[in-house]
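Q: Please see the structure below; I have some questions.
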Amino acid sequence: MRATIYILRCTWALSLFVVHVSVCTVVAGERAAATLSVKDSLTSPNQSATIEARLVDKGLLGSAGLGGELLELVLDGNVVATAMTGGDGKAFLTFTPHAQGVVPVQIRARSSSRIPPTEGQANLVVWERRNPIVVIEMAAVIEEPSSPSPLPAIGLKRTSEPKPMPDAANELGKLTQFYYRVVYIVALPEGADGFHMSTQAREWLKIHKFPTGYVLVLPPGENMLGTKIDELHAAGWKTIKTGIGRTKAFADAFLQRRLEAVIVPEPVKGEVPRKAKVAKEWKEIRKKL
């Protein structure tokens, strides 16, 4: 079977969801209402992984990074790494896993004079580089509203919580049950918070029963998808060969690199790039691979 990556790419406004994985606690006194957010990390067995976290003070004037706080990386109840936050509230915790799989990790900040105990969660994704990996544009798994607005170049922007495309979670689950791995790529709008959107995407996928995978947030720019594909190939993730998406720009990023692209659902006439495959619905996806 052909090794395949689907890239899930979605542009979500910050007001899209109200669900948060991180814990935000407010206490009396001088201590801040702190939020700790974490991004997923991808590595291979016996290779080091760097997990990026950010601790912020959610004040009346916005979010400000909290520097000088000790963060702990917790796996199976044990602290396996520590790091201090910088002036921007960010910290980078390094850990070397040995077994492959998608491992939930917890980052926590202990109580201090400035903050109460606070924690955030993410996934440490550990795959063999020979594993076939899944990549899908987020717009391809999100149902359009009854009165859709024009799609941006890549992804979707919505003002209410999106619903999943019919059969998307079920069909993707079948693809990943025994063979494929999945990477979900989130496109970051200008001025948006990558940590916040990473948390939102991870929680939305979980709520709608999509297979667990690697959530990767890309900075703004239509060329960032192609650049990230090149970076992953250079890093040894050569099983990226196919993208499943909704927009022409997404498909072009794969086709320009002589990789395969599948568009779902079937777009309007003239929006299908030459050499791209088309599936009318998610139930047809497996026939196109």
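Any read-out appearing in this document is the output of simple, stated calculations on the displayed coordinates, not a laboratory observation. Everything quoted here is computed from the prediction, not taken from an experiment. Here the Cβ positions follow ideal geometry from the backbone for every residue, glycine too, while neighbour counts run over all protein chains shown.
Q: Could you compute how fast the range 34-126 diffuses translationally, taking Rh as the Kirkwood radius over C-alpha pairs and applying Stokes-Einstein at 4 °C with viscosity 1.567 mPa s? Give it in µm² per second. Write out the running numbers ahead of the final one.
A: Numbers: Rh = 13.3 Å.
Translational diffusion coefficient: 97 µm²/s.
Q: Quote to one decimal, in nm, the extra length available between residue 129 and residue 258 on full extension: 0.36 nm per residue of separation minus the C-alpha distance between them.
A: Computed gain between residue 129 and residue 258 is 44.4 nm.
Q: What nm distance separates the two modelled labels at residue 269 and residue 177, each placed 7 Å from Cα along Cα→Cβ?
A: Output for this residue pair reads 3.9 nm.
Q: Kindly state, to the nearest 0.05, the FRET efficiency for residue 170 paired with residue 110, given R0 = 51 Å and r defined as their beta-carbon distance. Kindly include the intermediate steps, with their values, before the conclusion.
A: Numbers: r = 42 Å, r/R0 = 0.82.
Given R0 = 51 Å and the Cβ-Cβ separation, E is 0.75.
Q: Right, something else. Taking H placed 1.01 Å from N in the peptide plane, check which residues at least 5 places from residue 161 or on another chain put their amide H under 5 Å from its amide H.
A: Result for residue 161 returns nothing.
Q: Further, regarding this structure: Once both labels are modelled 7 Å past Cα along the beta-carbon direction, what's the residue 203-residue 84 spacing in nm?
A: 3.1 nm
Q: Separate question: Under the 0.36 nm per residue contour assumption, what length would be gained going from the current alpha-carbon distance of residue 163 and residue 234 to full extension?
A: 22.1 nm
Q: Just grab the label-to-label distance for residue 46 and residue 227, each label 7 Å out from Cα along the Cβ direction, in nm (one decimal).
A: Each label point is offset 7 Å from its Cα along the Cβ direction, giving 3.4 nm.
Q: Still on this structure, please answer the following. Using the structure shown, list the pairs from 206/280; 90/277; 248/283; 90/206; 209/241 with a Cα-Cα distance above 31 Å, or answer none. Write down the numbers at each step before the final one.
A: Numbers: 206/280 25 Å; 90/277 42 Å; 248/283 21 Å; 90/206 25 Å; 209/241 25 Å.
The answer is 90/277.
Q: Using the Cβ atoms and a cut-off under 13 Å, what net charge is assigned to the surroundings of residue 194, where Lys and Arg are +1 and Asp and Glu are -1? Write down the numbers at each step before the final one.
A: On the way: positive: 39, 54, 90, 202; negative: 40, 52, 88, 190, 193.
Neighbour charge sum, excluding residue 194 itself: -1.
Q: Treating only the Cβ of Lys, Arg, Asp and Glu as charged (+1, +1, -1, -1), what charge dipole size does the range 34-126 show about its Cα centre? Round to the nearest 20 debye.
A: Values: 7 positive and 8 negative charges, 30 e Å.
So the dipole magnitude of the range 34-126 works out to roughly 140 debye.
Q: Put +1 on the Cβ of each Lys and Arg and -1 on the Cβ of each Asp and Glu in the range 224-289; which of 264, 285, 233 then has its Cα farthest toward the positive end of the dipole?
A: 285
Q: For a quick check: with amide H placed at 1.01 Å from N, whose amide H comes under 5 Å from residue 106's, ignoring anything fewer than 5 positions away on the same chain?
A: When sequence neighbours closer than 5 places are left aside, the close amide H contacts are 74.
Q: Right, here's the next one. Quick check: net charge around residue 80, other residues with Cβ under 13 Å of its Cβ, Lys/Arg +1 and Asp/Glu -1?
A: On the way: positive: 108; negative: 72, 76.
Around residue 80, the charge tally is -1.
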